[in-house]
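Engineer: Sharing a structure below in structure tokens format, with a few things to ask.
The values are calculated or read from the model by the stated rules, or taken from the named source; none is laboratory data. No experiment lies behind these values; they were computed from the predicted model shown. Glycine also receives a Cβ, built like all others from the backbone with ideal geometry; neighbour counts cover every protein chain displayed.
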Amino acid sequence: MLTDILIKSFIKDRDNVRDKNVRQKYGYLGGIVGIACNVVLSGAKLAIGLIINSIAITADAVNNLSDAASSIITLIGFKITNKPADREHPFGHARIEYISAMVVSFMVILVGFEFLKSSFDRVRNPEIVSFDIISFSVLLLSIGVKVWLSRFYKKIGRRIGSKAMEASAADSLSDVATTSVVAISLLASLWTTFPVDGYAGLLVSAFIIYSGITLTKDTLNPLLGEAPEPEFIKSVTEKTLSYEGIIGIHDMIVHNYGPGRRVVSLHAEIPAGMDIMKAHDIIDLAEKEISEEMDIHLVIHMDPINTDDKVVQKTLMQITELIYGMYEELTIHDFRIVGGEDHKNLLFDLVVPYEFDEKKAGEISNEIAREIKMQHPECNAIIYIDREYAILNK
């Protein structure tokens, strides 16, 4: 409810999330709310931690302060994201959002290690922690705020497709766990003199470090070039195949230059007998309409497929069945025949999963070529190893 009120109050054209300015406003809203909540929580916990001499609460306070710093970095990231493309960065600056999220994750890890050290010192040199109902109540309030903040970030992150916001949501959820541990340790001080505070600090620090490592992985993947979502691949595939004359696609490659900036290339199979100008018009129209509809930059390469030659089609079916019988996970495309009846070269691309390294792929290729030669002595298989860059089913 509160999330919807904030969105309605501060973002006028809130449903037009494909608009870069609207998306930026969502980022600003998330950053400002995050700064406000975390600064208040950090100040309250720091005061309590110093008053009752609790390293665990102090660690949690500094963790909230680092979250506020993270929100500032996120704000700066969203500001730079909308910077126009230039000569040095022809696809814009949207990847800065991933970089800002990574800076945040490094900060989280650093804070975790610092308080891991402090907690070890407290375990070796324990000090008395006094239970205080006000302190305990503030911790419970903090847990509630962080639960809401996690949902707030998650809703914005899903709405605008933001890795930074989704990372902040995960971070807030981990804060719920750490603060809960601190609250339990404070409550435990009523019944025991065991140095629960120091051990709770260790646990909090471990949570913080784990959260930072998880965030690093999540933000590093798009920078390294992670595979696109199967739903996205399915959508591009279905839309492309819906155009007249396009009978198949392969070799789809997706380059991610940041949220809302994807460059997609693929090979579209067109009957070889189709008029070249008509085929070209179909490809141009598909590129234009799909690019606009999905907010991507689509480039389609046209591959002519011989659909009229019965010999080619029959041989293709035989080779496909042969390969499927040997390895169910393999597929082929760009199949063509060169030569006459006595001597034929079968040329095609063999799509090999990444589970097979180059050596294994080469061995499989040679094995298939030998099997084809055995079953079809008049044929020589010339096989090109290909990889599936965009995987429909994970």
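Engineer: Give just the number: which of (1) assigned to a strand (DSSP E or B); (2) loosely packed, with under 14 Cβ neighbours inside 10 Å does GLU355 not satisfy?
Structural biologist: Answer for GLU355: the failing condition is (1).
Engineer: Turning to a different aspect of this structure: Which residue out of ILE48, ILE35 is outside any loop (DSSP other than H, G, I, E, B), surrounded by fewer than 21 Cβ atoms within 10 Å (Cβ to Cβ) and of a type outside the set (S, T, N, Q)? First the steps, then the outcome.
Structural biologist: Values: ILE48 fails: surrounded by fewer than 21 Cβ atoms within 10 Å (Cβ to Cβ).
Among ILE48, ILE35, only ILE35 is outside any loop (DSSP other than H, G, I, E, B), surrounded by fewer than 21 Cβ atoms within 10 Å (Cβ to Cβ) and of a type outside the set (S, T, N, Q).
Engineer: Related question: In this structure, is GLU88 of a type in the set (Asp, Glu), within 22 Å of GLY258 (Cα to Cα) and part of a helix (DSSP H, G or I)? Explain how you work it out, then say what you get.
Structural biologist: Working: of a type in the set (Asp, Glu): yes; within 22 Å of GLY258 (Cα to Cα): yes; part of a helix (DSSP H, G or I): no.
It is false that GLU88 is of a type in the set (Asp, Glu), within 22 Å of GLY258 (Cα to Cα) and part of a helix (DSSP H, G or I).
Engineer: Taking into account only those residues within segment 303-361 that are over 38 Å from the mean Cα position of the chain (by Cα) and of a type in the set (A, V, I, L, M), which is farthest from THR240 (Cα to Cα)? First the steps, then the outcome.
Structural biologist: Here is the first cut: in segment 303-361, the residues over 38 Å from the mean Cα position of the chain (by Cα) are 306-315, 318, 337-346.
Among the residues that remain, those that are also of a type in the set (A, V, I, L, M) are: 311-312, 337-338, 346.
Details: VAL311: 28, VAL312: 25, ILE337: 27, VAL338: 29, LEU346: 28 Å.
Only one residue fits best here, namely VAL338.
Engineer: For SER70, state whether it is out of contact with any Pro (no Cβ under 9 Å at 6 or more places or on another chain), in contact (Cβ under 8 Å) with a residue 12 or more places away in the chain, under 30 Å from ASN16 (Cα atoms) and not basic (Lys, Arg). Steps first, answer last, please.
Structural biologist: Numbers: out of contact with any Pro (no Cβ under 9 Å at 6 or more places or on another chain): yes; in contact (Cβ under 8 Å) with a residue 12 or more places away in the chain: yes; under 30 Å from ASN16 (Cα atoms): yes; not basic (Lys, Arg): yes.
In short, yes.
Engineer: With the requirement that a residue be surrounded by fewer than 15 Cβ atoms within 10 Å (Cβ to Cβ) and in contact (Cβ under 8 Å) with a residue 60 or more places away in the chain, what does segment 238-252 give you? So that I can check it myself, show each step before the final result.
Structural biologist: Pass one, segment 238-252, residues surrounded by fewer than 15 Cβ atoms within 10 Å (Cβ to Cβ): 238, 241-242, 244, 247-248.
Within segment 238-252, ILE247, GLY248 meet the criteria.
Engineer: Additional query: Looking only at residues in segment 203-244 that are at pLDDT 90 or above and of a type in the set (Gly, Ala, Ser), which one is farthest from ALA101 (Cα to Cα)?
Structural biologist: The extreme case among them is SER242.
Engineer: Does segment 307-350 hold any residues that are β-branched (Val, Ile, Thr), surrounded by 14 or more Cβ atoms within 10 Å (Cβ to Cβ) and in a strand (DSSP E or B), and which are they?
Structural biologist: Just the residues of segment 307-350 that are β-branched (Val, Ile, Thr), to begin with: 307, 311-312, 315, 319-320, 323, 331-332, 337-338.
After this cut, where a residue has to be surrounded by 14 or more Cβ atoms within 10 Å (Cβ to Cβ) as well, the list is 307, 312, 315, 319-320, 323, 331-332, 337.
Scanning segment 307-350 gives THR331, ILE332, ILE337.
Engineer: Suppose we filter THR81, THR58 for residues that are under 30 Å from LYS8 (Cα atoms) and of a type in the set (S, T, N, Q); which single one remains? Step through it out loud before you land on a result.
Structural biologist: Values: THR58 fails: under 30 Å from LYS8 (Cα atoms).
Only one candidate passes the filter, namely THR81.
Engineer: Could you say which residue among ALA183, ALA200, ALA169 is over 19 Å from VAL40 (Cα atoms) and either part of a helix (DSSP H, G or I) or modelled with pLDDT of 80 or more (or both)?
Structural biologist: Values: ALA183 fails: over 19 Å from VAL40 (Cα atoms); ALA169 fails: over 19 Å from VAL40 (Cα atoms).
On inspection, the qualifying residue turns out to be ALA200.
Engineer: Of these, ILE208, ILE213, which one is surrounded by 18 or more Cβ atoms within 10 Å (Cβ to Cβ), assigned by TED's automatic domain parsing to the domain that holds ALA59 and out of contact with any strand residue (DSSP E or B) (no Cβ under 8 Å at 6 or more places or on another chain)?
Structural biologist: Result: ILE208 is the single residue among ILE208, ILE213 that is surrounded by 18 or more Cβ atoms within 10 Å (Cβ to Cβ), assigned by TED's automatic domain parsing to the domain that holds ALA59 and out of contact with any strand residue (DSSP E or B) (no Cβ under 8 Å at 6 or more places or on another chain).
Engineer: Of everything in segment 151-199, what is of a type in the set (D, E, K, R), buried (at least 24 other Cβ atoms within 10 Å of the Cβ) and within 18 Å of the chain's Cα centre (by Cα)? Give them in sequence order.
Structural biologist: Residue satisfying the conditions is ASP171 alone.
Engineer: Turning to a different aspect of this structure: So if I check each of SER291, SER365, which one is in contact (Cβ under 8 Å) with a residue 12 or more places away in the chain and either surrounded by 17 or more Cβ atoms within 10 Å (Cβ to Cβ) or not hydrophobic (A, V, I, L, M, F, W, C) (or both)? Walk me through how you get there before you give the answer.
Structural biologist: Values: SER291 fails: in contact (Cβ under 8 Å) with a residue 12 or more places away in the chain.
Exactly one residue qualifies, and that residue is SER365.
Engineer: OK, next. Which one is nearest to TYR327 (Cα to Cα), of the residues in segment 354-394 that are touching a strand residue (DSSP E or B) at 6+ places or on another chain (Cβ under 7 Å) and aromatic (Phe, Trp, Tyr)?
Structural biologist: TYR354
Engineer: Right, another one. Show the residue pairs that are 6+ apart or on different chains and have beta-carbon atoms under 7 Å apart, the first residue being within segment 45-67 and in the same structural domain as THR179 (by TED's automatic domain parsing), the second being surrounded by 19 or more Cβ atoms within 10 Å (Cβ to Cβ) and not in a helix (DSSP H, G or I).
Structural biologist: Filtered contacts from segment 45-67: ILE52/VAL129; ASN53/VAL129; SER54/VAL129.
Engineer: Turning to a different aspect of this structure: Could you pull out the residue among SER130, SER135, SER150 that is in contact with a Leu (Cβ under 8 Å, 6 or more places away or on another chain), in the same structural domain as LEU190 (by TED's automatic domain parsing) and at pLDDT below 80? Outline the logic, then answer.
Structural biologist: On the way: SER130 fails: in contact with a Leu (Cβ under 8 Å, 6 or more places away or on another chain); SER150 fails: at pLDDT below 80.
Matching residue, one of SER130, SER135, SER150: SER135.
Engineer: HIS255 - would you say it is surrounded by fewer than 16 Cβ atoms within 10 Å (Cβ to Cβ) and either assigned by TED's automatic domain parsing to the domain that holds LYS20 or part of a helix (DSSP H, G or I) (or both)?
Structural biologist: Working: surrounded by fewer than 16 Cβ atoms within 10 Å (Cβ to Cβ): yes; either assigned by TED's automatic domain parsing to the domain that holds LYS20 or part of a helix (DSSP H, G or I) (or both): no.
In short, no.
Engineer: Within segment 8-21, which residues are among the aliphatic types (A, V, I, L, M) and either free of Cβ contacts under 8 Å to residues at least 60 places away in the same chain or not assigned by TED's automatic domain parsing to the domain that holds THR81 (or both)? Give the steps one after another, and end with the answer.
Structural biologist: Narrowing segment 8-21 to residues among the aliphatic types (A, V, I, L, M): 11, 17.
ILE11, the sole residue that qualifies.
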